[in-house]
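One structure is given here, and the rest of the page talks about it.
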Amino acid sequence: MHICFLSSEYPKAGFPHGGVGTFLQILARNLVKHDIRVSIVGLNYTEEYEESLDEGVHIFRLKPRKVKPITWYLTFQAINSKIKEIHQKNPISIVESTELGLAFIRKIPGIKYLIRMNGGHHFFAESENRPIDPWKGYQEKRSFKKADLVFGVSEYVISHTAKYLDFKDKKGPVIYNPANLEHFYKADPSKIVPGRIFFAGTVCEKKGVRQLILAFPKIKEKFPESELYIAGRDWFFPDGRSYIQYLKDSQIHDSVKDSIKFLGPVANHKLPKYMEEAEICAYPSHMEAMPLAWIEVLSMGKAFLGSNLGPGPEVVNDQVTGRVCDPRDVSSVERVLSEMLSDKDQNLKMAEAARKDVLERFSIDKLVHKNIDLFRQVVAG
């Protein structure tokens, strides 16, 4: 079997990437271990064409073509040409993409086309209360029509995407994103720095970092030793302004300026050190499709605060494997964090239960077989 994933987010040394790229690398490497050929086709992070091999995964990074207003056309032309070339040398069984990725793909007889929903344009437009962009909406609808099967990384992403796109006749199962248990080892509680709260993710509004910062002064009053560490790349407003600078200029109270540290982008393999030292890892995002970053924290057996929105309850069993709050409500964030900082024994119990839960539901050893079984069913059908 030969699986071709369409993605420009596959990790490349020296360049930041998100959760989708991390998940794809974990899955791809493990598919190769099960004698499945894997190709990745996407745009390069740099202005050149590049081929590479990552633990058996064949990566084709295409040279970006930026010619307005036909950049999208040139991009899909290049992807189509590369798929055809790869297929002629090593016949492809399945092409898989995220929601929008099949919009202008030319289907080749004998190949099955899958969409793995990680949260597309319609999904996030609903969650962020913004209108559907006509062009992106059109592409996503076109992409779903081309798919032979559509499946999702959470029940929530499937049910909420279904409000806007009709795929009931090609609906597949939920297959969770796996945890990277090689990098995210069992944390040593003796390394905890009392009062340290750690956040990792893109520093932007939808990740809930602003509400976390606004809740922090009251937490600092109750727990004077507390400090907030924020790791992640900056986000920029449409006019080019830095979101981090906006937080520093207008959202951080003078009383806690010295207790909030912005670490900048931190490589995925370096995050466990910061997580291990934290008393609480707090990622109160407003919306996710299936938050891999949460699973990474839970896999280490760390006290965790997540969100009660979206798929949050699918990942965190409140007061059993972690805590959830309303991330839009500063008082909710402050209350739950204060409760956690007040009960260290309960934190340790939840953290232990969280690691067991991740090993049961999110280990790659189990989830790679679920993926392979689905691929085989699709090819056989």
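Brief remarks follow.
- Wholly enclosed strands (runs of 3 or more DSSP E) of the range 43-97 bearing at least 1 residues among the polar types (S, T, N, Q) and in contact (Cβ under 8 Å) with a residue 24 or more places away in the chain: 94-97
- Residues that are modelled with pLDDT of 95 or more and in a loop (DSSP other than H, G, I, E, B) do occur in the range 25-35, at least one of them.
- For Arg323, the conditions (1) assigned to a loop (DSSP other than H, G, I, E, B); (2) under 27 Å from Ala125 (Cα atoms); (3) of a type in the set (Lys, Arg) are fulfilled apart from (1).
- On the stretch given as the range 357-378, residues that are at pLDDT below 95 and either among the basic types (Lys, Arg) or in a strand (DSSP E or B) (or both) total 3.
- Residue in the range 118-141 that is in contact with a Pro (Cβ under 8 Å, 6 or more places away or on another chain) and outside any helix (DSSP H, G or I) present: no
- Whichever residue in the range 157-181 is modelled with pLDDT of 90 or more and aliphatic (A, V, I, L, M) and, among such residues, is nearest to Ile372 (Cα to Cα): Ile175
- Taken over the range 231-272, the residue count meeting the criterion of being over 20 Å from the mean Cα position of the chain (by Cα) and open to solvent by 60 Å² or more (accessible area, probe 1.4 Å) is 14.
- Some residue of the range 69-91 being more than 18 Å from the chain's Cα centre (by Cα), farther than 24 Å from Ala147 by Cα and surrounded by 13 or more Cβ atoms within 10 Å (Cβ to Cβ): no
- Meets criteria (among the acidic types (Asp, Glu) and under 16 Å from Arg328 (Cα atoms)) for Glu221: no
- Criterion (open to solvent by less than 70 Å² (accessible area, probe 1.4 Å) and under 15 Å from Glu279 (Cβ atoms)) met by exactly one of Ser338, Ser342, Ser332: Ser338
Results for (1) of a type outside the set (Lys, Arg); (2) closer than 25 Å to Asn308 by Cβ; (3) surrounded by 21 or more Cβ atoms within 10 Å (Cβ to Cβ), shown as yes or no for each residue.
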| site | (1), (2), (3) |
| --- | --- |
| Phe104 | yes, no, no |
| Lys107 | no, no, no |
| Leu114 | yes, no, yes |
| Ser127 | yes, yes, no |
| Pro131 | yes, no, no |
| Ala147 | yes, no, yes |
| Val150 | yes, no, yes |
| Val153 | yes, yes, yes |
| His160 | yes, yes, yes |
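- Subset of the range 294-315 that is more than 16 Å from Ala200 (Cβ to Cβ) and in contact with an Asp or Glu (Cβ under 9 Å, 6 or more places away or on another chain) - its residue that is surrounded by the most Cβ atoms within 10 Å (Cβ to Cβ): Pro311
- Yes/no for Gly137 being surrounded by fewer than 19 Cβ atoms within 10 Å (Cβ to Cβ), of a type outside the set (D, E, K, R) and in contact with a helix residue (DSSP H, G or I) (Cβ under 9 Å, 6 or more places away or on another chain): yes
- Taken together, Glu288, Glu279 contain a single residue that is within 20 Å of Asn118 (Cα to Cα) and surrounded by 15 or more Cβ atoms within 10 Å (Cβ to Cβ), which is Glu288.
- Of Ala282, Ala303, Ala380, all but one fail to be more than 20 Å from Glu227 (Cα to Cα) and either hydrophobic (A, V, I, L, M, F, W, C) or touching a residue at least 24 places away in the same chain (Cβ under 8 Å) (or both); the exception is Ala380.
- Residue satisfying all of: in the range 162-179; assigned to a loop (DSSP other than H, G, I, E, B) and in contact (Cβ under 8 Å) with a residue 60 or more places away in the chain; most open to solvent (accessible area, probe 1.4 Å) among these: Tyr176
- Verdict on Lys270 being at negative phi and modelled with pLDDT of 95 or more: no
- Filter pass, Ile94 being β-branched (Val, Ile, Thr), within 18 Å of Asp148 (Cα to Cα), surrounded by 12 or more Cβ atoms within 10 Å (Cβ to Cβ) and over 23 Å from the mean Cα position of the chain (by Cα): no
- Looking only at residues of the range 345-355 that are more than 10 Å from Leu298 (Cβ to Cβ) and open to solvent by 30 Å² or more (accessible area, probe 1.4 Å), we find that the one that is farthest from the chain's Cα centre (by Cα) is Asp345.
The values are calculated or read from the model by the stated rules, or taken from the named source; none is laboratory data. Just so it is clear, the model here is predicted, and its values are computed rather than measured. Methodologically, a virtual Cβ is constructed for each residue, glycine included, from the backbone with ideal geometry; neighbour enumeration extends over all protein chains shown. These accessible areas exclude ligands, DNA and RNA; they are computed on the full protein's heavy atoms, side chains included. Shrake-Rupley method; radii C 1.70, N 1.55, O 1.52, S 1.80 Å.
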